[in-house]
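The values are calculated or read from the model by the stated rules, or taken from the named source; none is laboratory data. Not measured: the values here are computed from a predicted model. Glycine gets a Cβ as well: all are built from the backbone with ideal geometry, and neighbour counts include every protein chain shown. The protein model used for the area step is the full one, side chains on, heavy atoms only, and it has no ligands, DNA or RNA in it. Shrake-Rupley method; radii C 1.70, N 1.55, O 1.52, S 1.80 Å.
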Amino acid sequence: MFKFGGLFSNGVDYLQKHGDSLIRKVEKKTYNSAHADDPHGVIKAYLVRLQNNVEAMVVLLKDGYGNPAIILQRSLIEDYLNLSYILKHPNISRGYLIKQFYEYLTNVQRHKHMERYEKMGTRIEEPLRSEIINNFQKFKNDYNDGKGVKRWSCMSLESQAKELSNSLNDDTYIKIYYTMYNLFSEEYHSLSRTFLEHVNTSLTLKSASGRADYRTEETMINIIIKYGELIQEIAKFYGISNREFKNVAEKLLKKLRKQFDIHG
């Protein structure tokens, strides 16, 4: 039975406290001068998004909504793999990857949105339409020799995980994709067996997949470990070497192993 207390609650409080602390320190460090590899604050935006999602998952779990918390966990795992690719890839500079991702958001996504509007019968007026098309073509020329949008910012998550695992000779990332991410995606897309458990509801009862089951425990354990790793990596990226952010995941995992008798 899942109990939101003891070391488990302390671990969650630790993450919330240190996530907030890291955001404040990053904000202070970049207030007058942006990070050289990240002038637009892409990594800071990731950190704020992660903190918001983790805190939302904690609220859901405390109120017994285990299934919706797992859906948010999918987003955290996706961000974990994306950030790992940016911050740990041994063969491509972080600045290049961040710049490409920023330009993907501002140029490729804008072009996609224009196409969707025009499919619905709304034509974008000139000169904005030409500007969007030209910026999209420039992105393709800059990153793909004009052949198409296929570099990492447009790669599938599976391809990113495979490439990173191969580059680092570490199968952790592709394993995370094939296990945690795919399993949580089933919950997200209503493809898992837990979907039918939503039949067991009433005005006074939440879904049978909601409170105090193994998925709730598994979700919180993964939140703590993966977000703990990201806190440490983001602190390193910004040159924040404070002991507060050192080996966060390892310390929390040790506590969790003791509380839940996790071995290995």
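Here are the numbers for the structure shown:
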{"read-out": "Residue among K25, K44 that alone is under 18 Å from F245 (Cα atoms), among the charged types (D, E, K, R) and in contact with a Ser or Thr (Cβ under 8 Å, 6 or more places away or on another chain)", "value": "K44"}
{"read-out": "Selected residue [under 21 Å from Y177 (Cα atoms), at pLDDT 70 or above, more than 14 Å from the chain's Cα centre (by Cα) and in a helix (DSSP H, G or I)] from I225, I221", "value": "I221"}
{"read-out": "In the range 11-55, residue surrounded by the most Cβ atoms within 10 Å (Cβ to Cβ) [restricted to those that are polar (S, T, N, Q) and assigned to a helix (DSSP H, G or I)]", "value": "Q51"}
{"read-out": "Residues being open to solvent by 10 Å² or more (accessible area, probe 1.4 Å) and in contact with a Leu (Cβ under 9 Å, 6 or more places away or on another chain) - total across the range 56-66", "value": "2"}
{"read-out": "Residue selected from the range 228-245 under the condition part of a loop (DSSP other than H, G, I, E, B) and surrounded by 13 or more Cβ atoms within 10 Å (Cβ to Cβ), by the criterion modelled with the highest pLDDT", "value": "Y238"}
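Conditions (1) within 19 Å of I43 (Cα to Cα); (2) touching a residue at least 24 places away in the same chain (Cβ under 8 Å); (3) open to solvent by 70 Å² or more (accessible area, probe 1.4 Å), marked per residue:
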| residue | (1), (2), (3) |
| --- | --- |
| A69 | no, yes, no |
| L76 | yes, yes, no |
| D79 | yes, yes, no |
| L83 | yes, yes, no |
| Y96 | yes, no, yes |
| Y104 | yes, yes, no |
| N107 | yes, yes, no |
| R110 | no, yes, yes |
| K119 | no, no, yes |
